[in-house]
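Step one of this worksheet: look at the structure below.
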Amino acid sequence: MLDIPGKNAATRSPYIAGALKRFADSARYYCPECVMIWPPNDPAVPLTFRGDAGSSYGTPVTDCNRYFCTAVSEEHTFQSSLFRTLPPLQLGSAGVSTGTIDTDFLALPLRSLADAALERARELGAEHADVRIERITGQLLRLRDGAVATMQDSTTIGLAVRVIVEGTWGFASHLELTPTSAVTTAQRAVEVARTLRPLNAERVELAGEPVHAGVVWAGGHEIDPFSVPLSEKVALLSEWSHRLLATDGIDHTDVIFRAGRETKFYADSDGTSTTQQRVRMHPSVTAIAVDQAAGLFETMRTCAPPTARGWEYLAGNTVWDWDSELAQLPEWLAEKVKAPSVAPGRYDLVIDPTNLWLTIHESIGHATEYDRAIGYEAAYAGSSFATPDKLGTLHYGSPIMHVTGDRTYPHGLATIGYDDDGVATSQWDLVRDGTLVGYQTDRVFARRLGLERSAGCAYADSPHHVPIQRMANVSLQPDSTSDTSTAELISGVQRGIYIVGDRSWSIDMQRYNFQFTGQRFYRIENGALAGQLRDVAYQSTTTDFWGAMEAVGGPSTWVLGGAINCGKAQPGQVAAVSHGCPSALFRDINVLNAREEAGE
Amino acid sequence: MISPDELTTTALDASKADGCTVVLTDTSEVNLRWANSTMTTNGHSTTRSFSVISVVGDSVGVVSGNGAELDEVRAVVAASEQAARESGPAQDVAPLVEGEADGDFGEPGAATEIGVFARLTGELAATFDGAGESGRGELLYGFADHRVETTWLASSTGLRRRWVQPTGTIEINAKIADNLGRSAWVGAYTADFTDLDFPALVAELRRRLCWSKRQVQLPAGRYETILPPSAVADLMLYMVWSMDGRPAHEGRSAFAVPGKGPGATRLGEQLTGLPLTLSSDPSVPGLQTAPFLVTTASSDSASVFDNGAPVHRVDWLRNGTINALAYPRAAAQEFGAQFTSPAENLILTGGSTARTDELVARTDRGLLLTCLWYIREVDPVSLLLTGLTRDGVYLVESGEVVGQVNNFRFNESPIDLIRRVSEVGATESTLCREWKDWFSRTAMAPLRIPDFNMSSVSQAS
């Protein structure tokens, strides 16, 4: 079932409402109501939807000059684990804005502050200048055993000026939003550039971008999480905790709720100005069982991913099936506590999207960041084995591997209309037919790579940090020819493990060698699940692993997972990013026993 | 900007709560980053973090704002009171800390500016130029950061504390341009960059790049390994961050004791016969940190109710024995323990006077690491950590480094490493690689581990 932005949950049909339309310039299809594109970049798939198929749709949805025309479809039902409404697979363009901007932010003297800073930067000789005025709001709520252990609300406001002077970047920021502060911050940015000019050996040049003057974008959510009284949140999370604590075998609970809201105004010396807002949230519930006698404890955490949605994600059980997941946690945990420890060795793995998203994040998402590929992060986050000389030739994985980058999925954590370079966002291929074909870029890196336009990946997590190239939503596409289920993938395995939920992760600084654990590990015997295992960690090398991917599940297995805590850069910045993927089958992967690794 | 004195006075005057603590931190920061021997990013930021902790009955609300305008300050106070009324009883409730007023409370904050890098800019530019000369062929990568944070803590109890915390770090990574796998790293902590010996750092990098001329491939396995102070710091930090009292008492920590009934912890367990002491101490010269607790979010190791409480030296390990766990005041009362709060530094002592080079000289065959990376917990029961070696694993034979080895993924528990350590060298100030963004004040000793678990080979170079 597809989520339809802006529509009341109660009115949602289990099918995509409305007809699929087709892009005039390609064989791809588009749902004008939910702005889903299907399939991502493929010729048409015989996948159809209930609705008024056949009507034409000739209006451009944005200023990107893409028009839509007629397509037809057959009926198809999306089902996806605990998502009551499946996130749309694709979204057409950056211009789709379904929310609103906070009026008190709009009441700030955004334009005059920006003009003051831009003018001062120009007077001081800047070839380029941009200004961001941002308000970042966050909330952390943690309940231990049903009672509030941590409660923190925070708001950061500031003004940032970035300049290019004699081909050199300069950046400065200040917390005060006054004309004087705007001017002095611009001066300071120029001073930084001039002071450090002797260290710059490469002239900074930006890829071109059309001017987007006065555009507004706001992500789609129904209930702003910051409009919900704290007491209502505490009551819900406490009720969840007590539901679990009332169950045999659960000794403790740990519930963490994080919410964020970004409101940002951007203006640059080319004339682009954008005003944008988005929210995100991540609730997680962990049940803990303690065996004091044995000195063991075990945990089971919900797999509900972070998402760019509002409070409707938690309330009402309409988006994610919390009732079902919370009801099953005790049983899953009890089985895990008693499960046999895994025998290390090589296994076929069927990996659930709730686990695979993180492997995608680490081994594809970061590896296809252009700044990493050319060494900009070499002393910190690391570089990438997927260097530009291999673009178009590197066999990243098996031929069924199709990975896209986008900043446009509805409810995607990296989704936004325009990036922090003033670039309209989009969707593109990173790995096609198993081959590396693209990178994530900002305007500087797009130019270096010889691209006409940036992929729109510039992002700063705060008004006090400089924009850097950050991760788009990087997603593995499902089987476009068959809606293979997870059960069907499992049925093709004689001896293997089905892995659900993420837990521990680690990967080297060139994104070769990784090791992941999970929440639940099910033994697969002769094509069927045969109870849980514990202490499983899988370890592989990126291209070996993706080369061993024999099959991907169909659209019905596809889930949009993600993280709100991706770290990069110095000073450190934190970004939120989504990764969609189907279940997938990997042959002959090395599995370790974590207890044995600890020498026990 | 509103002065700190006016801001804290306005907030406390506006408070209608049963108790109120205001934490204000002004931060001035400059930074400079480079890669491929050219600057990439930089910046100068002026930020303020202003938090109001309101206590209403047994409940607490913490709300933070910008602190740029007095109306906003009053609004934050009201919001924190509202949050306290709505959040229900807090688990860590305790009376707000009482105490004296620091004489310098009314003084303004300290700041830094881009000129702090003046000498470094010249030295770095010269090294960029020199590194590109024929024959050397080096590329330089790295980051320099200088941050000055001034914190004012004011409470409705009359407590007034002020602390200025300077933090400077530099990391330099050098690679050989035609073989990027030949890579070396050095890092240092400095309060103000005046004591930074840049030429010495570059000399150490070049010594290590010379070691990497010969490349040696080794398989996964257990190796005698010398962990230099930087790598030791990353492992010890993770261990100390896991030494919270509550989870240990509740049986959900590697510091719980199996089979001895509820509440039993590993306090008092001797891990090694070597006289290793791991401590945090706000008064250590060169690594000073705030002598009072400052936090705006409660956790198992610190409580917002405890803001302003004196922080003293804590020996987490003393002479090889587990000696302390962290307890906020409420947890200390609940579990019959003493209030124990970690300072923002960590020091490992108890070794010989031998520097890392001397440990190398006493090694027949083993590995010398540079640093560890991407350290993550695999199993909390044993505190098993995984991660990777990075920027130089060197093969030692007959007391000398004879080449650079491929990288490895390791799986080890720091608790178990303490048990197995066979030699401890001299304590020195060091910058850890993995956690330095959060924790840069450490002094560690090099350790010899007879059988470090290199679980698999990493192709990363």
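The values are calculated or read from the model by the stated rules, or taken from the named source; none is laboratory data. Here the structure is a predicted model, which is why all the values come from computation and not from measurement. Backbone-built Cβ (ideal geometry, glycine too); neighbour counts: all protein chains shown.
One residue is enough: does segment A:245-259 have a residue meeting the conditions within 14 Å of chain B (Cβ to nearest Cβ), assigned to a helix (DSSP H, G or I) and either surrounded by 18 or more Cβ atoms within 10 Å (Cβ to Cβ) or not charged (D, E, K, R) (or both)?
Yes.
Please go through segment B:255-294 and pick out each residue that is within 14 Å of chain A (Cβ to nearest Cβ), free of Cβ contacts under 8 Å to residues at least 60 places away in the same chain and outside any strand (DSSP E or B).
Correct list: B:Val257, B:Pro258, B:Gly259, B:Lys260, B:Gly261, B:Pro262, B:Ala264, B:Arg266, B:Glu269.
Out of (1) away from chain A (no Cβ under 12 Å); (2) in a loop (DSSP other than H, G, I, E, B); (3) surrounded by fewer than 21 Cβ atoms within 10 Å (Cβ to Cβ), what's the single condition that is false for B:Ile2?
Condition (1) is where B:Ile2 drops out.
Do we have B:Arg214 as at pLDDT 95 or above, within 14 Å of another protein chain (Cβ to nearest Cβ) and out of contact with any Ser or Thr (no Cβ under 9 Å at 6 or more places or on another chain) here? Show your work before the answer.
Values: at pLDDT 95 or above: yes; within 14 Å of another protein chain (Cβ to nearest Cβ): no; out of contact with any Ser or Thr (no Cβ under 9 Å at 6 or more places or on another chain): yes.
In short, no.
Looking at segment B:128-156 only, could you name the residues that are modelled with pLDDT of 95 or more, more than 8 Å from chain A (Cβ to nearest Cβ) and in contact with an Asp or Glu (Cβ under 6 Å, 6 or more places away or on another chain)?
B:Arg147, B:Thr150
So for segment B:325-344 (the condition being at pLDDT 95 or above and within 25 Å of B:Ser212 (Cα to Cα)), does at least one residue qualify? Don't jump to the end; show me each part of the working.
Restricting attention to segment B:325-344, the residues satisfying the condition of being at pLDDT 95 or above are B:325-344.
From what is left, the residues that are within 25 Å of B:Ser212 (Cα to Cα) are none.
There is no residue in segment B:325-344 that is at pLDDT 95 or above and within 25 Å of B:Ser212 (Cα to Cα).
Would you mention how many residues in segment A:507-542 are in contact with a His (Cβ under 9 Å, 6 or more places away or on another chain) and either outside any loop (DSSP other than H, G, I, E, B) or more than 14 Å from chain B (Cβ to nearest Cβ) (or both)?
Our first condition is that a residue be in contact with a His (Cβ under 9 Å, 6 or more places away or on another chain); within segment A:507-542, this holds for A:507, A:511.
Subset that is either outside any loop (DSSP other than H, G, I, E, B) or more than 14 Å from chain B (Cβ to nearest Cβ) (or both): A:507.
Qualifying residue count, segment A:507-542: 1.
Kindly provide the set of residues from segment B:322-354 that are β-branched (Val, Ile, Thr), under 22 Å from the mean Cα position of the chain (by Cα) and farther than 19 Å from B:Ala94 by Cα, ordered by number.
Hits for segment B:322-354 are B:Ile322, B:Ile347, B:Thr349.
Does segment B:35-48 contain any residue that is more than 10 Å from chain A (Cβ to nearest Cβ), surrounded by fewer than 21 Cβ atoms within 10 Å (Cβ to Cβ) and of a type outside the set (Gly, Ala, Ser)?
no
I'd like the full set of residues that are touching a Ser or Thr at 6+ places or on another chain (Cβ under 6 Å) and not small (Gly, Ala, Ser), limited to segment A:167-195. If you could, list the steps in order and put the result at the bottom.
Quick first cut of segment A:167-195, residues touching a Ser or Thr at 6+ places or on another chain (Cβ under 6 Å) only: A:172-175, A:193.
Within segment A:167-195, A:His174, A:Leu175 meet the criteria.
Looking for something within 27 Å of the chain's Cα centre (by Cα), assigned by TED's automatic domain parsing to the domain that holds B:Leu159 and of a type in the set (S, T, N, Q) - is there at least one such residue anywhere in segment B:95-113?
Within segment B:95-113, one or more residues are within 27 Å of the chain's Cα centre (by Cα), assigned by TED's automatic domain parsing to the domain that holds B:Leu159 and of a type in the set (S, T, N, Q).
Could you look through segment B:81-96, keep only residues that are within 8 Å of another protein chain (Cβ to nearest Cβ) and part of a loop (DSSP other than H, G, I, E, B), and pick out the one that is surrounded by the fewest Cβ atoms within 10 Å (Cβ to Cβ)?
B:Pro89
Return the only residue of B:Ala68, B:Ala125 being part of a helix (DSSP H, G or I) and at the interface with chain A (Cβ under 8 Å from one of its Cβ atoms). Can you show your working first?
Working: B:Ala68 fails: part of a helix (DSSP H, G or I).
So the residue among B:Ala68, B:Ala125 that is part of a helix (DSSP H, G or I) and at the interface with chain A (Cβ under 8 Å from one of its Cβ atoms) is B:Ala125.
Tell me the residue from A:Thr299, A:Thr272 that is over 22 Å from the mean Cα position of the chain (by Cα), among the polar types (S, T, N, Q), within 30 Å of A:Val215 (Cα to Cα) and surrounded by fewer than 23 Cβ atoms within 10 Å (Cβ to Cβ), please. So that I can check it myself, show each step before the final result.
Working: A:Thr299 fails: within 30 Å of A:Val215 (Cα to Cα).
A:Thr272 is the lone residue from the list that is over 22 Å from the mean Cα position of the chain (by Cα), among the polar types (S, T, N, Q), within 30 Å of A:Val215 (Cα to Cα) and surrounded by fewer than 23 Cβ atoms within 10 Å (Cβ to Cβ).
Here is a list of conditions, (1) within 13 Å of chain A (Cβ to nearest Cβ); (2) on the phi > 0 side of the Ramachandran plot, and B:Phe193 meets all of them except one; can you say which number that is?
Every listed condition holds for B:Phe193 apart from (1).
Look through A:Ser154, A:Ser173 and report the one residue that is surrounded by 22 or more Cβ atoms within 10 Å (Cβ to Cβ) and at the interface with chain B (Cβ under 9 Å from one of its Cβ atoms). Write out each step before concluding.
Working: A:Ser154 fails: surrounded by 22 or more Cβ atoms within 10 Å (Cβ to Cβ).
The unique qualifying residue is A:Ser173.
Looking at segment A:543-558, is at least one residue within 11 Å of chain B (Cβ to nearest Cβ), β-branched (Val, Ile, Thr), over 21 Å from the mean Cα position of the chain (by Cα) and surrounded by fewer than 22 Cβ atoms within 10 Å (Cβ to Cβ)? Give the steps one after another, and end with the answer.
Within segment A:543-558, the subset within 11 Å of chain B (Cβ to nearest Cβ) is A:543-544.
Those left that are additionally β-branched (Val, Ile, Thr): A:543.
Still in the list and also over 21 Å from the mean Cα position of the chain (by Cα): A:543.
Imposing the further condition that a residue be surrounded by fewer than 22 Cβ atoms within 10 Å (Cβ to Cβ) reduces the set to A:543.
Checked against the condition, which is being within 11 Å of chain B (Cβ to nearest Cβ), β-branched (Val, Ile, Thr), over 21 Å from the mean Cα position of the chain (by Cα) and surrounded by fewer than 22 Cβ atoms within 10 Å (Cβ to Cβ), segment A:543-558 yields at least one hit.
Considering only strands (runs of 3 or more DSSP E) fully contained in segment B:328-410, which possess at least 3 residues that are more than 11 Å from every other protein chain (Cβ to nearest Cβ), within 27 Å of A:Ser383 (Cβ to Cβ) and touching a strand residue (DSSP E or B) at 6+ places or on another chain (Cβ under 7 Å)? Before the answer, list the steps.
Details: elements: B:346-349, B:365-379, B:384-397, B:400-405.
Fully inside segment B:328-410 and qualifying: B:365-379, B:384-397, B:400-405.
Output yes when any residue across segment A:121-128 is in a strand (DSSP E or B) and either more than 16 Å from A:Thr275 (Cα to Cα) or not polar (S, T, N, Q) (or both), and no when none is.
Quick first cut of segment A:121-128, residues in a strand (DSSP E or B) only: A:128.
Now narrow it down to the ones that are either more than 16 Å from A:Thr275 (Cα to Cα) or not polar (S, T, N, Q) (or both): A:128.
Yes: segment A:121-128 contains one or more residues that are in a strand (DSSP E or B) and either more than 16 Å from A:Thr275 (Cα to Cα) or not polar (S, T, N, Q) (or both).
Which condition number in (1) within 14 Å of chain B (Cβ to nearest Cβ); (2) crowded, with 24+ Cβ neighbours inside 10 Å is the one that A:Gly562 fails?
Evaluating A:Gly562 over (1) within 14 Å of chain B (Cβ to nearest Cβ); (2) crowded, with 24+ Cβ neighbours inside 10 Å leaves (1) as the failure.
Quick one: in segment A:435-449, of everything that is among the hydrophobic types (A, V, I, L, M, F, W, C) and assigned to a helix (DSSP H, G or I), which residue is modelled with the lowest pLDDT?
A:Leu449
Is it the case that segment B:438-456 has a residue that's without any contact (Cβ under 8 Å) to a residue 12 or more places away in the chain and surrounded by fewer than 24 Cβ atoms within 10 Å (Cβ to Cβ)? Spell out the reasoning first.
Kept after step one, since they are without any contact (Cβ under 8 Å) to a residue 12 or more places away in the chain, are these residues of segment B:438-456: B:438.
In the following step, the residues that additionally are surrounded by fewer than 24 Cβ atoms within 10 Å (Cβ to Cβ) were identified as B:438.
Yes: one or more hits.
Any idea which of A:Val500, A:Val474 is surrounded by fewer than 24 Cβ atoms within 10 Å (Cβ to Cβ), more than 13 Å from chain B (Cβ to nearest Cβ) and β-branched (Val, Ile, Thr)? Quick ask: steps written out before the conclusion?
Working: A:Val474 fails: surrounded by fewer than 24 Cβ atoms within 10 Å (Cβ to Cβ).
Criteria check complete, one pass: A:Val500.
Has segment B:25-42 got any residue that is within 25 Å of B:Asp104 (Cβ to Cβ), in a helix (DSSP H, G or I) and at pLDDT 95 or above? Before you say what the answer is, go through the steps one by one.
First pass over segment B:25-42, keeping only residues within 25 Å of B:Asp104 (Cβ to Cβ): B:25-30.
Retained after the next criterion (residues that are in a helix (DSSP H, G or I)): none.
No - not one qualifying residue is present in segment B:25-42.
Can you name every residue in segment B:172-192 that is in a strand (DSSP E or B) and free of Cβ contacts under 8 Å to residues at least 60 places away in the same chain? Step through it out loud before you land on a result.
Let us first name the residues in segment B:172-192 that are in a strand (DSSP E or B), namely B:172-176, B:179-190.
Residues satisfying the conditions are B:Ile172, B:Ala174, B:Lys175, B:Ile176, B:Asn179, B:Val186, B:Thr190.
Could you please find all residues in segment A:191-239 being under 30 Å from B:Arg85 (Cα atoms), crowded, with 17+ Cβ neighbours inside 10 Å and at the interface with chain B (Cβ under 9 Å from one of its Cβ atoms)? So that I can check it myself, show each step before the final result.
Within segment A:191-239, the subset under 30 Å from B:Arg85 (Cα atoms) is A:221-239.
Among the residues that remain, those that are also crowded, with 17+ Cβ neighbours inside 10 Å are: A:221-222, A:224-226, A:228, A:230, A:233-234, A:236-238.
Those that are under 30 Å from B:Arg85 (Cα atoms), crowded, with 17+ Cβ neighbours inside 10 Å and at the interface with chain B (Cβ under 9 Å from one of its Cβ atoms): A:Leu230, A:Lys233, A:Val234, A:Ser238.
Taking A:Ala201, is it free of Cβ contacts under 8 Å to residues at least 40 places away in the same chain and closer than 17 Å to A:Asp420 by Cα?
Details: free of Cβ contacts under 8 Å to residues at least 40 places away in the same chain: yes; closer than 17 Å to A:Asp420 by Cα: no.
Considered against the rule, which asks whether it is free of Cβ contacts under 8 Å to residues at least 40 places away in the same chain and closer than 17 Å to A:Asp420 by Cα, A:Ala201 comes out as no.
Starting from segment B:341-370, keep only residues that are free of Cβ contacts under 8 Å to residues at least 40 places away in the same chain, then list their pairs with residues that are not aromatic (Phe, Trp, Tyr) whose Cβ atoms are within a distance under 6 Å, requiring at least 6 positions of separation or different chains.
Cβ pairs passing all conditions: B:Ala361/B:Gly399.
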